[in-house]
Amino acid sequence: MVNLGPALLSDLRRPWLWKGSAISAALALGLTGMLFVAATHDAGADTTGLPALLLDAVTSLVLTVSAVFGSFSFTSDYRAGSLNCRVLLFQRRPAFLGRALSTAVAALLAGAAIGLAFGFASAVLKVAGTLSPSLVLAFAGAAAMGALWGFALGSLLRNHLVSLFAVSLSVALPGLLPDLSEPVTTFFFPVLAADWAQQAAVNIPASGAFCGAAGWLVLVAAAAFTVFVKRDLA
C-alpha cells in the first residue's frame, strides 16, 4: 500500500477527472435551474411545502448525477485500457483505492458548488431557505456518497453503457417501487443518503441515516475492492 499516495496524486492530476466533475456539476445545475423556474413560474400558487420538495428533488438529482460520474470514472479507463497501465504502475490495491478517493474528492467539490448555487438561488428567489454552511456540506456529502456508490457498481459491472442505466436505476429504484414496499425501501442506500442530506441541510442531526448509508457504501465498496483484486482485468 506504499503506492497509495503516488496513485492518488496521479489520479488527482487526471484532466478527465475534473472535466467529468465539471460536466456533472453543470448538468445538475442546469436541471436544478429548471426546477427553480418551474417552482417560481406561477407566482400566485401556494408555496407551502415547496422548500422541502425542492430540497428533496435536488438532493436526489445530485445523488443520481454523482453516481453516474462515479461509475464513468472507472468504466471509461477500463474501456480504454488505461486502467491496466495504472495497475502495472501502482499495483491493484493502490490503483483502485486511489481512483475511488480521487473520484470522491472531485464529487465532493462539485457537490459543494451545487450547494452554493442552490443556497444562493434559494435566498434570491425566496423559495427554499437560505445559504448556509450546513446546506453546502450536505450537498457535498451527498455527491461524494453518490460518486462512491457509482464507482463501486461501475467497477463490478465494467461496462460503460450498462453502468449508465444500472447505476441510475439503483438510485431511482426506491421511488419506483409500490407504496406497499415503503417500510423496506427506507433501508435502501439512496433513501438513507437523501434523508441524511435533507436533514443535514437544515441542520438537523441524522446520524442513523448517515450510518445506514455509510454501511451500504462500506459493504458495496468492499465487495468491489475484493472482486477487483481477484478478477482478471482482461
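The values are calculated or read from the model by the stated rules, or taken from the named source; none is laboratory data. From a predicted model like this one, the values you see are computed outputs, not experimental measurements. Glycine also receives a Cβ, built like all others from the backbone with ideal geometry; neighbour counts cover every protein chain displayed. Side chains included, ligands, DNA and RNA excluded: accessible areas come from the protein's heavy atoms. Shrake-Rupley method; radii C 1.70, N 1.55, O 1.52, S 1.80 Å.
Accessible surface calculations at 1.4 Å, restricted to protein heavy atoms, place the chain at 49 Å² per residue. Considering all different alpha carbon pairs of segment 47-128, the Kirkwood hydrodynamic radius works out to 14.9 Å. Over the chain, Cα pairs under 8 Å with separation of 6+ residues give a relative contact order of 26 percent. Comparing A209, A26, A110 in a Gaussian network model of the chain where C-alpha atoms under 10 Å apart are linked, the largest mean-square fluctuation is found at A26. Hydrophobic, long helices, defined as DSSP H runs whose alpha-carbon span along the helix axis is 15 Å or greater and whose mean Kyte-Doolittle value is at least -1.0, occur in the chain at 15-40, 50-80, 92-125, 133-157, 160-176, 189-201, 207-230.
Rounded to the nearest 20, the size of the Cβ-charge dipole of the chain about its Cα centre is 1140 debye, with Lys and Arg at +1 and Asp and Glu at -1. Highest GNM mean-square fluctuation among V218, V171, V65, for the chain modelled with Cα contacts below 10 Å: V218.
When only alpha carbons are used to place a centre, segment 187-234 and segment 132-162 end up 9 Å from one another.
Between A144, A80, A197, the Gaussian network model of the chain with springs among Cα atoms under 10 angstrom shows the greatest mean-square fluctuation at A80. Atom-type composition of the exposed protein surface of the chain places 72 percent of the accessible area on carbon and sulfur (1.4 angstrom probe). Size descriptor for the chain, Kirkwood hydrodynamic radius: 18.2 Å (Cα pairs only, one decimal).
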